[in-house]
Each structure stands twice: as structure tokens, then as C-alpha cells.
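Reviewing the structure listed below.
The values are calculated or read from the model by the stated rules, or taken from the named source; none is laboratory data. Keep in mind that what you see is a predicted model, and the values were worked out from it rather than measured. Heads up, the Cβs are rebuilt from the backbone with ideal geometry, glycines too, and the neighbour counts pull from every protein chain shown. Just the protein is used for accessible areas: all its heavy atoms, side chains included, with ligands, DNA and RNA removed. Shrake-Rupley method; radii C 1.70, N 1.55, O 1.52, S 1.80 Å.
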Amino acid sequence: MGLAPWIGANKNREKGTLEGIFMPKFFITLLMLILLVIAAGYLYLTPSSQEQEYVLMGTILTMEADQPETNAVWVKNGVIQAVGQPAIVAAETKSLPIISLGEQVLTPGLIEPHTHPVAAALLGATVDVSAFTHNSRSEIMTTLKEAANGFALTPWLISFGWDPVAIDDLDSPTLEELDALSSDRPIVILTQMMHEAYLNSAAFKAAGVKIIDKEDHTEGFIRDQKGKLTGTVREVAAISKIVSAAPSAPENASELLLRLQYKKYAKAGYTTIGVTGAVGRLTDPVASLRKISREDISPLRTFVYLLPNQVEAHPLGGDDRFKVLGLKLWLDGSPFTGGAAFEDGYHDSELTKHRLGIPHTHRGDLNYTLNDLRKIIPSYHAKGYQIALHVQGERAIEEALTIFEEVQKTAPTPGLRHRLEHNALITADQLDRAKALNMSTGFFVDHVYFYGDALPHLIGPERTARYMPVKTALEKNIAVSLHGDHPATPVNAIRVMKTATQRLSKSGKTLTAADQAITAEQALFAMTIGGAMQLGQQEKIGSIKKGKLADFTLFNKSPLLSLKNKSDDLLVVKTWKAGQETDVHALTWEHIKLGLSALKEILAE
Ligand SMILES: [Zn+2]
């Protein structure tokens, strides 16, 4: 996602952490109060843990080639004992409890192989100014004005999701406009891709930055000719400086938000996530993920790719609940911020020229030279780290392929399947090379949904016609997965599958590279066993097969038929992890205690 500029795009990249995702305490407090009310209502509804042994009966899509559909699954102690006839026999001979699925349809638990749960959890608690909930600049300014006037325990107002690519009239706010929102309360607006922020004078003052200073040429703080700040701040170093001046959330509150984020994934049908960079403002995001994933109530398995600065504290390995798999690096940035390392420049359009301020000759910078990578990648490869590389433009992909061709030649480890992430403009030739290296490709098809209308203005018609080539990758028999890269988009597995099969934009106006649409079967495959293969966990999860872990997703109807018919009534009903129904609604005493202690921390200050 656009976290790239925070982490990879400047000299500070080795530091790596996303210093600075935070939220005003006001929202935490509100959240705690809401939680307590919900908790009171749900406490008595908390489902008790399920039978350890039972048989599920109904329509079951296995994602196994030799038996794609079956009618029974026998589960014991979290593991699949048998599918089909032997499961029915077991139910009868052992008098096992039977859970009838009725009209609903069971699939393997969905897998989200590329997401950022900590950042999603914390940004979820800020003021939302995104294109997911707004259609115009005036709507956004109204939201900000209302939030600025709202009651708060701390003076900072943080908002997230400003997106000039998705909202047509969204010119950057001026300092005067920002000051009109509030003259004394610090306001920070983060863009959806997070490479830019807008601040009012109160925020600059609180961070110790002079409003008028002819001598100050600090990179990232944009000033006019008279040395006056314009309100715009760009890239990691500058944004971090601002953000570190803001109050951060208490650890307990942040972890509680992370638990709620886990429920969001489960509600969307996911039973496993791959954390491609544990970014977010927690003392130790990896430790928090480990703690939460290992709790019995956790609805998700968690597989993590570390940032370089997290390697020392967190060794490779783990168990089926939480495991460190490898390393994450960002080789380039986002296509929507001028950050993707394209082969050719951006398209010459109103959007690039005026709203994004990207000259059409610009083609995005690489965050690392090949020589930089030669110093980093071979040693991790030798130690068995699976490496996930963020690559959007052809030049970034070229660099990734080159370094892995070198590495696999010197120290061949074909079983270590490295990952190419997003792959906006990967070419057919590059896909062939990825295949030869046994790499997997994960596609961020949501770009087609959320930015499909804007793509031709950004990269022109020819490149748009080959954007996110999922079908070509599948035809070459490469391990393919689909992801949502939250918080870059809202968590919604069904939308991801729909977009991969239809290639339609949110407005319904644009089909992007329609010939890259994949079938419903391929989409469900990519979301289950494809994701498992990418995480190297295909022996344990990703399909419904004897011996695998009993992770399931239940839909209200067949996802395959629904996707084929392009109907809009497909829903996730519930999920099971390790044979236990996951609990997405109810809160436990543990949650309530955490909420209370966070509230106490807030009030004590
Ligand atoms: Zn990402």
C-alpha cells in the first residue's frame, strides 16, 4: 500500500517503522464507552466453545481438484478427519453431533495474504475523510469542521483518507482553510496513501515548526516564496516530525482496537492473515500481534513478514497460530502518488498535472539500488527468510527479478518461494521470469475497483489495458493470490473476488483490462489455497482435506454461482478456526477489562 513512502522512500528507510499512526484520545474514550455498552448487551450471548468432534453436512466446496464438492466434513480437535462418505459413516457409527448447513455453502477459510492490521486498527479510530465515505470536497470539509468543533479530551484532531485520485474536486487545502477549521486545535489530515499530510498552524506550532521562516529549508515542509508554510507536508521524515509531537494512544487501547480489527477480518470471512510489514504505532507491533493471535479467542492465524528493524527482536518461526515467515521491503511506492517506479513517465493529464502535481515525465524512484539489495537480500535468503517485495512499476519488478535471479544462482533454494506484491504493471516477460524463480505474485485488484476511472488519466490507455494482469499470471501457472492491503482499502473479501472476476470500477463506469478477468473458481482458489501457497502453508490450510486444520468460511449461498451471476446478495455468515466457530460479535471479559484499564489510563493523565 501507500505505506511505502513512510517506510521505504527516503534515507530513513532502515528505521522502517511507521512512526506515527495514532489517534486522539477523544476517539478512544468514545470507543471505550461504546464498547462497554455493547459488552453489556452481548455478554450473555457469548457462545460457549463448541463440541470438539462433529460432522458438518451440506454443500461444501473443498478447493481440492479430485473432489471439488462434497457433502460432509468430520472435524475432531480442530483437524479435518475425513470428507465425504467416510465422514457420513463416522457420523452414524460414532453418533457424532451433526451441524446441518442448510442452504448455506462452506468453503475453506479465506486467506488475506497481504494486510497491515495494526495500522488498520489505529487509523480506523481517526476521523474518516476517505472516498469510501465521501463524494466531494465540500462533504469532506463539512466532516472536518464538525470534528474540529467536537468535544475532545486532547487538543489534536487526526483524520485519514484524503484522496485526490478518487475525488474529482479534491484540491489540497490551504493553510488559511485549515486555520479556519480551528485556530487553536492542532489538525492533521493524512492522505489515503500517506505520502502527504495537511496541517493547520496550531499543529505546526505544537510540533515546533515556525509558520514563517525564510531560512528553514527542511525537506518536506512546503513553504511559499516568502518562507510561509503552505500547510502541506511531504514524506516520512517531515510527517514523522509532526506526528511524534502528537499524543499517542495508551497501549491497552491500541491492543483492544487490534482485537476488534481481527474481528473485522473474521466477519469478512478471513481465517488467516499475512502481515506484510507490521507497521503501526505500538511499542512492539510484532509482539502485540503474537500476543493477540495466540489467545484462544483469536479468530485468525497470523503470519508475519518483519521490517529490517524488527528482525533482531523476533526470530523466524512460531506455531500454527502465529509465525514469522520472513522479511518485507518496499522497492517502490504507490502509482497514485508518483511513487511507482514505472518504465515510462506518467500520463499527461489534468489529474497528474494539477491535482497530483506529478510532471508527466516523472516515473517514480526506486527506494534501493541493485547494489543496496545485494547487501540485504542474499543474507536473509541464506537464513531462510521468505522475502516479500512491494513492487508496482516495471523498473521495481525488474530489480526484484534481477536480485532473485542472482541469489537463486549463487544459493539455489527453489523451495523458498519469495513474493512479488501488488504487481500493477508486471509484464508477461517478467511473469515468465517470476515463474522460473518459483516466486508467487499477489495482486491488489482493488486498484481496479477504487481507481479504475482514474487509471487512464494516470498512466494512459495502453498501460491501463494491461493493469494488474491476474489472468496472465494464472495462465503461466504462477502461484497467485488476491489481497486488500488494508488500511489502503476497507476489509471486504467478497468485493475483492467480485473485482477480480468483473474488473469493474466502483462507479460502475469503467472496466479495466477486462480480458484479465478471472473465473469465479480461480478467484476462490486465489483467496484460499492460492493464499496458503503464497504463505507456504498449503499443507495445513487453504483447502478442505483430511489432515488439514479445520478452518472454514460459511456463505449464505454458493460464492461460485453468485460470482458467476454477478449477483449482489452474497454474504459471509460465519467462520471456524481450528474447528471452533469464531466469535465476531461478542466481547469477552478480557476485552472489557482491557477497555476499562485503557479508560483509566486516559482519565489519569
Ligand atoms: Zn502493503
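Rounded, prolate or oblate: pick one for segment 244-337, where a ≥ b ≥ c are the square roots of the eigenvalues of its C-alpha gyration tensor, a/c under 1.5 means rounded, and failing that, prolate if a/b is larger than b/c, else oblate.
It comes out rounded by the Cα gyration axes.
In Å and on Cα atoms, what radius of gyration and Dmax does segment 182-278 show?
17.6, 55
Set the bar at 25 Å for Cα to Cα. Now go through K76/K545; K435/K574; K76/K540 and name every pair that lies beyond it.
K435/K574
About its Cα centre, how strong a charge dipole does the chain have in debye, to the nearest 20, once Lys and Arg get +1 and Asp and Glu get -1 at the Cβ?
That gives the chain a dipole magnitude of about 840 debye.
Cα-based Rg of segment 264-317 per 2.2 N^0.38 Å, rounded to two decimals?
Cα Rg divided by the expected 2.2 N^0.38 Å: 1.15.
Report the charge-dipole magnitude of segment 494-581 in Debye, nearest 20, computed about the Cα centre from +1 at each Lys and Arg Cβ and -1 at each Asp and Glu Cβ.
80
Once you wrap a convex hull around the alpha carbon atoms of segment 90-144, what is its projected area averaged over all directions, in nm²?
Value for segment 90-144: 8.1 nm².
Run the numbers on segment 287-336 and let me know its relative contact order in percent, using alpha-carbon pairs under 8 Å that are six or more apart.
Reported relative contact order: 34 percent.
Based on Cα positions only, what radius of gyration and what Dmax would you give for segment 387-454, in angstroms?
Expressed in Å, the Cα Rg and Dmax of segment 387-454 come to 12.7, 44.
Give me the three principal axis extents of segment 440-548 from the C-alpha atoms, as integers in angstrom, largest value leading.
Principal axes ranked by extent give 49, 29, 20 Å for the Cα atoms.
Over the chain, with the other protein chains present, what is the accessible area per residue in square angstrom, probe 1.4 angstrom?
38
For segment 499-549, what log10 I(q)/I(0) values come out of the Debye formula at q = 0.16, 0.17, 0.25 1/Å, with one point per alpha carbon and no solvent?
Log-scaled intensity ratios, in q order: -0.56, -0.60, -0.86.
Once the whole set of protein chains is in place, how much accessible area is left on T361, using a 1.4 Å probe, in Å² to the nearest 10?
The value for T361 is about 110 Å².
Please state the relative contact order of segment 307-428 as a whole percent: Cα pairs under 8 Å, 6+ residues apart?
Contact order relative to length: 27 percent.
Using Stokes-Einstein with the Kirkwood hydrodynamic radius over Cα pairs, what translational diffusion coefficient do you get for segment 126-243 at 20 °C and a viscosity of 1.002 mPa s, in µm²/s rounded to a whole number?
150
For K506, go through the aspartates and glutamates and keep the ones whose alpha-carbon is under 13 Å away, minus same-chain ones fewer than eight residues off.
Qualifying aspartates and glutamates at Cα under 13 Å: D446, D453.
Restricting things to Cα coordinates, could you compute the convex hull volume per residue of segment 313-399 in Å³?
127
Going down the list K94/K546; K291/K409; K264/K564, which pairs span over 29 Å between their C-alpha atoms?
Checking Cα-Cα distances, K291/K409 exceed 29 Å.
Please compute the Kirkwood hydrodynamic radius over segment 290-349, one decimal place, Å, based on all pairs of different Cα atoms.
After inverting the pairwise mean of 1/r, the radius is 14.3 Å.
Top to bottom by accessible area (1.4 Å), largest first, where do M533, M468 land?
M533, M468
For helix 251-267, what angle does its Cα long axis make with the longest principal axis of the chain, in degrees from 0 to 90 and rounded to 10?
50
Take the Cα atoms of the chain, build their convex hull, and give its volume per residue in Å³.
Enclosed volume per residue, from the Cα hull, is 147 Å³.
Going toward the positive end of the dipole of the chain, with +1 on Lys and Arg Cβ and -1 on Asp and Glu Cβ, which of S244, V448, L458 do you reach last?
S244
Roughly how tilted is helix 455-464, in degrees to the nearest 10 and between 0 and 90, from the longest Cα axis of the chain?
Taking Cα atoms only, the helix is inclined about 50 degrees.
Say the dipole of the chain comes from +1 at the beta carbon of Lys and Arg and -1 at that of Asp and Glu; which of T191, S481, G339 then lies farthest toward its positive end?
So the residue we want is S481.
Based on Cβ point charges of +1 for Lys and Arg and -1 for Asp and Glu, what charge dipole magnitude is obtained for segment 334-462 about its Cα centre, in debye rounded to the nearest 20?
For this selection, approximately 600 debye.
Share of segment 167-247's accessible area from carbon and sulfur, percent, 1.4 Å?
Exposed carbon and sulfur together represent 49 percent of the surface.
What is the local net charge at V275, summed over the other residues whose Cβ is closer than 14 Å to its Cβ (Lys, Arg +1; Asp, Glu -1)?
Net local charge, V275 excluded: +3.
Sticking to Cα atoms, compute the Rg of segment 373-496 to one decimal and its Dmax as the biggest Cα-Cα distance, whole number, in Å.
Rg, Dmax (Cα atoms, Å): 15.0, 44.
Residue farthest toward the positive end of the dipole of the chain, with Cβ of Lys/Arg at +1 and Asp/Glu at -1: which of T302, A268, S130?
T302
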